[in-house]
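Just below is one structure, and these are the notes that go with it.
The values are calculated or read from the model by the stated rules, or taken from the named source; none is laboratory data. Only a predicted model underlies this, so the values are computations on that prediction, with no experimental measurement involved. Using ideal geometry, Cβ is built from the backbone for each residue, glycine included, and neighbour counts are taken over all protein chains shown. Heads up: the accessible areas ignore ligands, DNA and RNA and are worked out on the full protein's heavy atoms, side chains in. Shrake-Rupley method; radii C 1.70, N 1.55, O 1.52, S 1.80 Å.
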Amino acid sequence: MTMPRLKGQTVLLREYRREDLPWMRRWVNDPEIVEYLSDIFLYPHAEQSTESYLDEILSGEGNGRGFVIADPATEAYLGQVNLDSIDWKNRVGRIGIVIGSAENFGRGYGTEAMRLLVEFAFREMNLNRLELEVYEFNERAIRSYERVGFVQEGRLRERQYKKGRYWDVIQMGLLKSDWKANASG
């Protein structure tokens, strides 16, 4: 089965490859990147754990599905966007995204990657709902998600300890019906 490729103006969503490992290794232990991610990145990641994760993706095992965010001209790795878990009965996907270097923050890569993934999830996978969690201090990500159509649905007060204090975790969601209304309007 050939994996789809989703092409945008500034990014290409493509399949994972074995040669993505060095690029993934660059960010998994970069404090500037992982401060925005879950606590699975609280401790340094050994090369073996990153390699095992990539092996799982390449084998198609597990419940998640995803894409590498790549430069459309060179297909070079910029980051990744995944449906970390899919609830097929209820047609719900949980999204995780990372841009793999701080120098690529603020260039719109994440927003466009999210738009492409959302369209794919609703049109091709027939999901009904997408959801994600984001730390309240990650204002750049919140704005990006809102531009794509996600709305804040809840707040887990002082749920996450980062940067020396407790922060809220914001729960965001997007329904297929809202996405369709926005796409046609």
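What residue, of N138, N128, is more than 17 Å from E15 (Cβ to Cβ), in contact (Cβ under 8 Å) with a residue 12 or more places away in the chain and more than 15 Å from the chain's Cα centre (by Cα)?
Numbers: N138 fails: more than 15 Å from the chain's Cα centre (by Cα).
Within the list N138, N128, the selection yields N128.
What is the number of the single condition among (1) open to solvent by less than 40 Å² (accessible area, probe 1.4 Å); (2) part of a helix (DSSP H, G or I) that I57 does not meet?
So the condition that I57 fails would be (1).
Between a first residue in region 39-66 that is within 21 Å of A121 (Cα to Cα) and a second residue that is part of a helix (DSSP H, G or I), which pairs have beta carbons less than 9 Å apart while being 6 or more apart in sequence or on different chains?
Short answer, once both residue conditions are applied: L58/R18; E61/D55; G62/E56; G64/E56; G64/I57; R65/I57; G66/I57; G66/L117.
Does R155 meet the test of being of a type in the set (K, R), closer than 26 Å to I40 by Cα and not in a helix (DSSP H, G or I)? Please lay out each step first, then the result.
Working: of a type in the set (K, R): yes; closer than 26 Å to I40 by Cα: yes; not in a helix (DSSP H, G or I): yes.
Considered against the rule, which asks whether it is of a type in the set (K, R), closer than 26 Å to I40 by Cα and not in a helix (DSSP H, G or I), R155 comes out as yes.
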